[in-house]
1. Say the dipole of segment 125-283 comes from +1 at the beta carbon of Lys and Arg and -1 at that of Asp and Glu; which of LEU125, GLY266, THR243 then lies farthest toward its positive end?
2. Counting only residues 5 or more places away or on other chains, whose amide H sits under 5 Å from the amide H of SER148 once H atoms are built in the peptide plane?
3. Of PHE229, PHE262, how do they rank once you tally other Cβ atoms within 10 Å and put the fewest first?
4. Treat each spin label as a single point 7 Å out from the Cα along the C-beta direction, and report the ARG190 to ARG165 distance in nm.
5. Quick check: pseudo-label points 7 Å beyond the Cα along Cα→Cβ at LEU87 and PHE182, how many nm apart are they?
6. Along the Cα-to-Cβ line of ASP150, 7 Å from the Cα, sits a label point; which residues in segment 52-92 have backbone N less than 16 Å from it?
7. Which ³J(HN,Hα) values, rounded to whole Hz and listed in residue order, are derived for segment 42-53 from phi using the Karplus coefficients 6.51, -1.76 and 1.60 in 6.51 cos²θ - 1.76 cosθ + 1.60 with θ = phi - 60°, glycine and proline given as x?
8. Quick one: dipole size for segment 130-178, taken about the Cα centre, charges +1 on Lys/Arg Cβ and -1 on Asp/Glu Cβ, in debye to the nearest 20.
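No lab work stands behind these numbers, since they all come straight from the coordinates. Predicted model only: the values in this text are computed from it and were never measured. Positions of Cβ are backbone-derived with ideal geometry, glycine not excepted, and every protein chain shown enters the neighbour counts.
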Amino acid sequence: MSMAPVPVLALALQDAETGAVSTMLESAAVGSTLRALVLVLVGVPLVLVAGRGARAWMTSRMHPQAGLVAGKLVLYGGLTIVAVSTLRELGFSLAPLLGAAGVLGIALGFASQTSVSNVISGLFLIAEQPFIVDDLIEVGGVTGRVISIDTLSVQLRTFDNRMVRIPNETLVKSQMINITRFPVRRVDIRIGVAYKEDASRIREMLLDIADKNPTCLMEPAPVVVFEGFGESSLNFMLGAWTTQANFLKLKNGLQEDVKARFDAEGVEIPFPHRTLYVGTESDAFTVRVVGDSASPEEVSRDPDSAP
């Protein structure tokens, strides 16, 4: 009796099983790829929409900086979840990737110490909140409104509509002035008057000018400080309080009112005088002499002649 067909049948069954397994593996791979593609195509737009929604909601409830931070947390967190889920669907193991990321992070940390310092400084700025988005700040002689607080830097928009990028490390290390931190500000106007003027009269006049200005707050009350005796003037400082929105309006209005009132009251504002000297090689120049006992006249005077 012949047993030859048995090995042939076994080989045929083995080939059939191998083909079925290969087909199943291919189907599983195609399914994983499709699921990963769906995760990317659906997850990324949803994360973007969620980040914008979180930013708008937090901005309406608190302030723009809180909305900016919330939007970034939702965006980065959502993208991380989408990326991890996609890698799992494609069959990647996260343990080797995390180990490689740790080694790469150490290498990048040594190679980019400035960037790491800016990131850490940015975290301190967000936690301490010395300013928020839409505040007006001054740093290193640059004044502008905060439009963005990012991971590495802060972006300002100046009054002439230019964008200035300041690294976070610079903001932490240097002096920063927050101009709009508080709802009211004081406008300081410094004025010098001639020594012949009455100091008490000037003080009352300046207080009256501030009281009549509609944008000047009565509480805190305006103040006049006699700062001292200058080289050619009595120096005063008029301080008047107003809201942030009316700061420039009050500053311009007070200076215009002071000039108009001084002109009307005959108050003299001294200013430097310059004497022009013409050397011996120059031509003669004309001098106009005006006096109480003499009528104006034109005198041509030679610089070489005796006075």
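1. Toward the positive end, the furthest listed residue is LEU125.
2. When sequence neighbours closer than 5 places are left aside, the close amide H contacts are GLN155.
3. Going from sparsest to densest Cβ surroundings: PHE229, PHE262.
4. The two pseudo-label positions are separated by 3.7 nm.
5. Inter-label distance under the simple model: 5.1 nm.
6. So the set is 68-69, 72-73, 76.
7. Values, residue by residue: 9, x, 4, x, 5, 5, 4, 5, 5, x, 5, x Hz.
8. 100 debye
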